[in-house]
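Only the coordinates and a few stated rules stand behind these numbers; no lab work does. From a predicted model like this one, the values you see are computed outputs, not experimental measurements. We place every Cβ from the backbone using ideal geometry, glycine too, and count neighbours over all the protein chains shown.
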Amino acid sequence: MELLLKRLDRMRIYLPPINEGRLKMLAVFTMLIDHVTYSFLEKAYDANGQLLSFSLENGRMLDHIGRMIGRQAFPIFCFFLVVGFRKTHSRAGYLARLLIFSALSQFPFQKCIFPGTDVFHASVMVTLTLGMLLIWVIDSADKAFLPHEEDRSRDNPFGILIFLAVSAGAVFGFCRLAVFLHSDYSYGGVILILLMYLLRKYRILSLFISWMWLSWYNRFEMYAAPAFFLLACYNGKRGRQNKYFYYVFYPAHLLLIWLVRRHFFGM
């Protein structure tokens, strides 16, 4: 089976190579389209009190197309969260950045995406943070309780059971927390990150199963298929990018969209 999976993964050599920077810029662009579409066509009302998606000619179709395009962003950000988790020199620093920008993003996210409600909805930054915490716990449990060739001193007849118990508890806990916080993509996003982490050695299989999971969680997410295909083309190179741009862009673009909508539509 492992040989079959490795042969399947070699299919990537026939795909056009794309670096991390270009994939992340694609995610940013599609996310912007998604949020502009949603914020105006699904949340703004015309002078007659109708949603713009209904009052504009072909508004429903434009809304559907814009939201379809926007499905590409989340899988790309989840994929590179896992890549970053594995490559970063400081996981604590990585987590701190996620926590800081989760806090900074909450106000513009709530105002832009959920106007007129007092119900707390956590942004996708919180979902990414919960996903990272989950794979960090599982990675730590793996190193602590499972036997490894390089260090047989940790062999423990109950190690696998302890690992499974810790992992299952972490999955349940972080998924429940995502539901409790009403985070964007909820437990579906947390599980997506987990799948990408667990199957990271077999990218083609990982991406296929991840797409299947996301499509099952929300049928509309089936339109994210192009993103998963492009992730299969990732060549492992960083490319030109500024990591803080992506952190800053998220709250900044939500705040700008909200201010523009408030100026023209009063909400």
* Asked: Counting every Cα pair in segment 141-267, what percent are over 21 Å apart?
  -> 64
* To do: Grab the DSSP H runs of the chain that are 4 residues or longer, score each as -39,500 (n - 2.57), total them, divide by all residues and round the 222 nm result to the nearest 500 deg cm²/dmol.
  => -23000 deg cm²/dmol
* To do: Subtract the Cα-Cα distance of Val248 and Asn235 from 0.36 nm times their separation in residues, and report this length gain in nm to one decimal.
  => 2.1 nm
* **P(r) of segment 84-205 over all Cα-Cα pairs, binned every 10 Å from zero, in whole percent** => 13, 35, 32, 14, 4, 1
* Structure fact -> Note, segment 184-196: 3J(HN,Hα) by Karplus (6.51, -1.76, 1.60, θ = phi - 60°), whole Hz, Gly/Pro = x, goes 4, 6, 6, 5, x, x, 5, 5, 4, 4, 4, 4, 5
* Asked: So which residue, out of Ile76, Ile193, Ile160, gets the largest mean-square fluctuation from a GNM of the chain using Cα contacts under 10 Å as springs?
  -> Ile160
* To do: Would you compute the Debye intensity of segment 30-149 from its alpha-carbon atoms alone, equal scatterers and no solvent, and pass along log10 I(q)/I(0) at q = 0.13, 0.15, 0.21 Å⁻¹ to two decimals?
  => -0.67, -0.81, -1.19
* To do: Give, as a single signed number, the net charge of other residues whose beta carbon lies under 14 Å from the beta carbon of Arg262, with Lys and Arg counted +1 and Asp and Glu -1.
  => +3
* Asked: What is the distance, in nm, between label points placed 7 Å from the Cα along the Cα-to-Cβ direction at Lys87 and at Val260?
  -> 3.1
* Considering only DSSP states other than H, G, I, E and B, which chymotrypsin sites (Phe, Trp or Tyr not before Pro) in segment 152-212 qualify as loop sites with at most 11 other Cβ atoms within 10 Å? -> Phe158
* Structure fact -> Residue-ordered couplings for segment 31-36, obtained by feeding phi - 60° into the Karplus form 6.51 cos²θ - 1.76 cosθ + 1.60 and rounding to whole Hz (Gly and Pro as x), are 5, 4, 4, 4, 6, 5
* Anchor Lys43: lysines whose Cα lies under 22 Å away (excluding residues fewer than 8 positions away in-chain) -> Lys111
* Among Val190, Val119, Val36, which comes first, second and so on when ranked by fewest other beta-carbon atoms within 10 Å? -> Val119, Val36, Val190
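Report the extension gain between Leu198 and Leu99 in nm, rounded to one decimal, defined as 0.36 nm multiplied by the number of residues separating them, less their alpha carbon distance.
In short, 33.3 nm is gained.
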* **Spread of Cα-to-Cα distances over 10 Å intervals beginning at zero, given as percent, for the chain** => 6, 26, 34, 21, 9, 3, 1, 0
* Under 30 Å from Lys87, Cα to Cα: lysines that are on another chain or at least 8 residues apart -> Lys6, Lys24, Lys143, Lys201, Lys237, Lys243
* Asked: Per the Cauchy relation, a quarter of the hull surface: what is the mean projected area of the convex hull of the alpha carbons in segment 172-235, in nm²?
  -> 4.5
* Structure fact -> For Ile18, the residues 5 or more places away or on another chain with a placed amide H closer than 5 Å to its own amide H are Tyr234, Asn235
